[in-house]
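*Asks:* Mind looking over this structure? Questions follow.
The values are calculated or read from the model by the stated rules, or taken from the named source; none is laboratory data. This one's a predicted model, so the numbers in the text were calculated from it and none came from an experiment. Cβ: placed from backbone, ideal geometry, glycine included. Neighbour counts: every protein chain shown. Just the protein is used for accessible areas: all its heavy atoms, side chains included, with ligands, DNA and RNA removed. Shrake-Rupley method; radii C 1.70, N 1.55, O 1.52, S 1.80 Å.
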Amino acid sequence: MKNLIITLLLLITVAQKGQAQTPEEKLHHKLDSISNQTGLVGFGVSVFSMDDILYQKGYGYADKENNKPYTINTVQNIGSISKTFVGISLMKAVELGLFSMDTPINDILPFQVIHPRYPKDQITIAHLATHTSGIHDTDESYDRSYVLENPESVDISIYDKKTAKYMKILLENRTKGLGAFLKEYFTPDGSMYQKKNFSKTAPDDRYEYSNMGAALAGYCVEAASGKSFSEFTKEYIFDKIKIKNIGWSYNSVDVNNFAKTYSDNGIAFPKYSLNSYPDGGLCASVLGLTKYAQEMLNCYYGKGTILKQNSAKEMMTGKLTKEQYNSKKEVKNNYGYFWEHNRNNIIGHNGADPGIMTLMYYYEDIKLGAIFFTNSNGIDNPVATQAIQASWNALRTYLKQKAK
């Protein structure tokens with residue numbers, strides 16, 4: 001009898017192993033394997049259509065020191081995906097009649113922004129939104145933007161030399177209002193003003209990705225509406241979709257859901273915010289951003305509530321020419337208004353900041369999208385970069401399987 005039971009158990013085990021794995025099981029196995037390797041402390045993923053969530057899960061740790069798992073409700077900074085919220089805010093401002101995309105920004109701003117090499121050429125809202133404004137980001141603009149939440153508690157001796165040097169710079173920064181910070185950068189009397197804050201090309205001539213230009217676009221919404229950019233986005237985006245735990249500061253979300261973010265050597269960064277916050281300072285969860293992405297797709301297909309379909313289509317449709325890319329070849333990676341629209345009909349954005357990497361893309365041909373967050377430093381870190389790429393490849397494989 002004992003031998004018979006053992007034989008039956010072995011047969012059951014063989015049968016189970018022989019069963020084909022579902023796409024969800026294959027995806028989980030791959031992501032779980034990546035999580036168990038070095039490179040990423042924690043990450044979360046989501047795969048979605050306009051109306052459904054096909055897969056969502058967190059892996060690893062939001063706080064490895066306290067064994068706190070990373071979940072779809074974990075909140076972290078999302079980096080430059082924040083810029084897509086600037087794009088929506090611009091289009092909403094257009095719908096409200098506050099300005100048009102062709103409005104010169106100096107018709108809106110309380111201070112003048114003049115390209116020193118082309119003082120007669122007007123910079124428009126559209127120029128900011130397509131990264132063709134002639135504004136150039138300097139290292140100083142990056143260094144001065146980040147503000148540590150509790151600088152007095154930061155011990156830079158625990159970091160590697162490169163990170164410690166960077167932290168030392170950030171310890172000098174203090175929080176400034178968005179307008180005050182931008183005025184320091186763009187006006188000749190400002191402490192950060194330099195001629196090299198502007199490129200050698202005129203507005204509309206060339207594409208040059210600009211965080212400062214994105215922050216300035218957010219401030220244009222603020223100046224035209226009479227509301228802070230954070231208030232504007234809360235009223236016209238966050239509250240409309242009813243997203244929880246999303247905001248431009250730690251005070252606007254539940255601190256218990258926050259992830260620690262980690263440097264290359266696995267040491268947690270101190271919490272930070274951005275003086276130029278519209279360009280990359282939004283905090284959100286995988287679940288919250290999925291709801292946002294689904295709403296924007298519904299707007300794109302004429303079923304949403306935040307924007308009219310024509311506004312969403314205009315925002316998400318690529319507008320740049322070969323000449324603006326200074327290229328003789330077809331433009332592969334195009335831009336609408338702060339939304340990427342690539343040649344293969346892939347729409348979205350990505351983000352990277354100290355201790356984070358994020359991806360949010362929708363594949364228009366199969367009408368499915370994916371989101372990836374990690375609380376690990378993905379910039380100039382080959383091990384983390386490889387893990388992020390492997391995770392995204394797994395998500396893309398799953399997308400293709402579900403599209404069949």
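*Asks:* Under a cut-off of 20 Å between alpha-carbon atoms, report the lysines in cross-link reach of LYS57, not counting same-chain residues fewer than 8 places apart.
*Replies:* The reachable lysines, counting only those whose Cα sits under 20 Å from LYS57, are LYS26, LYS30, LYS68, LYS244, LYS260, LYS291, LYS400, LYS402.
*Asks:* Next up: Would you mind working out the magnitude of the charge dipole of the chain relative to its Cα centre, with +1 at each Lys and Arg C-beta and -1 at each Asp and Glu C-beta, to the nearest 20 Debye?
*Replies:* So the dipole magnitude of the chain works out to roughly 1060 debye.
*Asks:* Could you work out the equivalent-ellipsoid semi-axes for the chain, taking the square root of 5 times each eigenvalue of the Cα gyration tensor, largest first, in whole Å?
*Replies:* Working: eigenvalues 314, 134, 71 Å².
With the √(5λ) rule applied to the chain, the semi-axes are 40, 26, 19 Å.
*Asks:* Per the 1.4 Å probe, what fraction of the accessible area of the chain, in percent, lies on carbon and sulfur atoms?
*Replies:* Roughly 50 percent, rounded to a whole number.
*Asks:* Ordered by packing density, taken as the mean number of other Cβ atoms within 10 Å over each peptide's residues, highest first, how do 368-381, 242-255 rank? If you can, show how the numbers build up before the last one.
*Replies:* On the way: 368-381: 23.2, 242-255: 16.0.
Top of the packing list down: 368-381, 242-255.
*Asks:* Follow-up question, since we're still on this one. If packing is taken as the average count of other Cβ atoms within 10 Å, what order do 332-339, 180-187 fall into, highest mean first?
*Replies:* Values: 332-339: 21.4, 180-187: 19.8.
By packing density, highest mean first, the sequence is 332-339, 180-187.
*Asks:* Calculate for the chain the 222 nm mean residue ellipticity that helices alone would give, adding -39,500 (n - 2.57) per DSSP H run of length 4 or more and normalising by residue count, nearest 500 deg cm²/dmol. List each step's numbers first, then the result.
*Replies:* Values: 12 runs with 140 residues, N = 404.
Only helices count here, giving -10500 deg cm²/dmol.
*Asks:* Now, a different point. Once both axes come from the Cα atoms, what is the angle between helix 211-225 and the longest principal axis of the chain, in degrees from 0 to 90, rounded to 10?
*Replies:* With both axes taken from Cα atoms, the answer is about 70 degrees.
*Asks:* Can you tally the net charge around ALA202? Count Lys and Arg as +1, Asp and Glu as -1, for every other residue whose Cβ sits under 11 Å from the Cβ of ALA202.
*Replies:* Net local charge, ALA202 excluded: +1.
*Asks:* Please list, or write none, the lysines whose alpha carbon is within less than 16 Å of the alpha carbon of LYS322, excluding same-chain residues fewer than 8 places away.
*Replies:* Reachable lysines: LYS332.
*Asks:* Once fully extended, how much extra length lies between ASN36 and LYS242, figured as 0.36 nm per residue of separation less the alpha-carbon to alpha-carbon distance? Each step should come with its number before you reach the end.
*Replies:* Numbers: separation 206, 0.36 × 206 = 74.16 nm, distance 3.43 nm.
Computed gain between ASN36 and LYS242 is 70.7 nm.
*Asks:* For a quick check of understanding: with a 1.4 angstrom probe and all protein chains in place, what accessible area in square angstrom does HIS29 have, to the nearest ten?
*Replies:* Roll a 1.4 Å probe over it and HIS29 shows about 120 Å².
*Asks:* Nearest 10 degrees is fine. How inclined is helix 382-403 to the longest principal axis of the chain, computing both from alpha carbons?
*Replies:* Around 70 degrees separate the two axes.
*Asks:* Further question: What angle do you read, to the nearest 10 degrees and between 0 and 90, between the alpha-carbon axis of helix 2-18 and the longest principal axis of the chain?
*Replies:* Helix 2-18 sits at roughly 30 degrees to that axis.
*Asks:* While we're here: R0 = 22 Å: FRET efficiency of LYS165 with TYR193, Cβ-based, nearest 0.05?
*Replies:* E(calc), rounded to 0.05, equals 0.35.
*Asks:* I would also like to ask the following. Rg and Dmax in Å for the stretch 261-366, alpha carbons only: what are they?
*Replies:* Cα only, the stretch 261-366: 16.4, 47 Å (Rg, Dmax).
*Asks:* Separation of the stretch 264-317 and the stretch 151-230 by C-alpha centroid, Å?
*Replies:* Cα centroid to Cα centroid, the span is 20 Å.
*Asks:* Would you mind counting up the charge near SER46? Only other residues with Cβ under 12 Å from its Cβ, with Lys and Arg at +1 and Asp and Glu at -1.
*Replies:* Charge balance in the 12 Å sphere: +1.
*Asks:* If Lys and Arg each add +1 and Asp and Glu each add -1, what is the summed charge of the other residues whose beta carbon sits under 10 Å from the beta carbon of GLY378?
*Replies:* -3
*Asks:* While we're looking at this one, here's another question. Before I look further, what does the chain give for accessible area per residue, probe 1.4 Å, in whole square angstrom?
*Replies:* With all protein chains present, the chain gives 46 Å² per residue.
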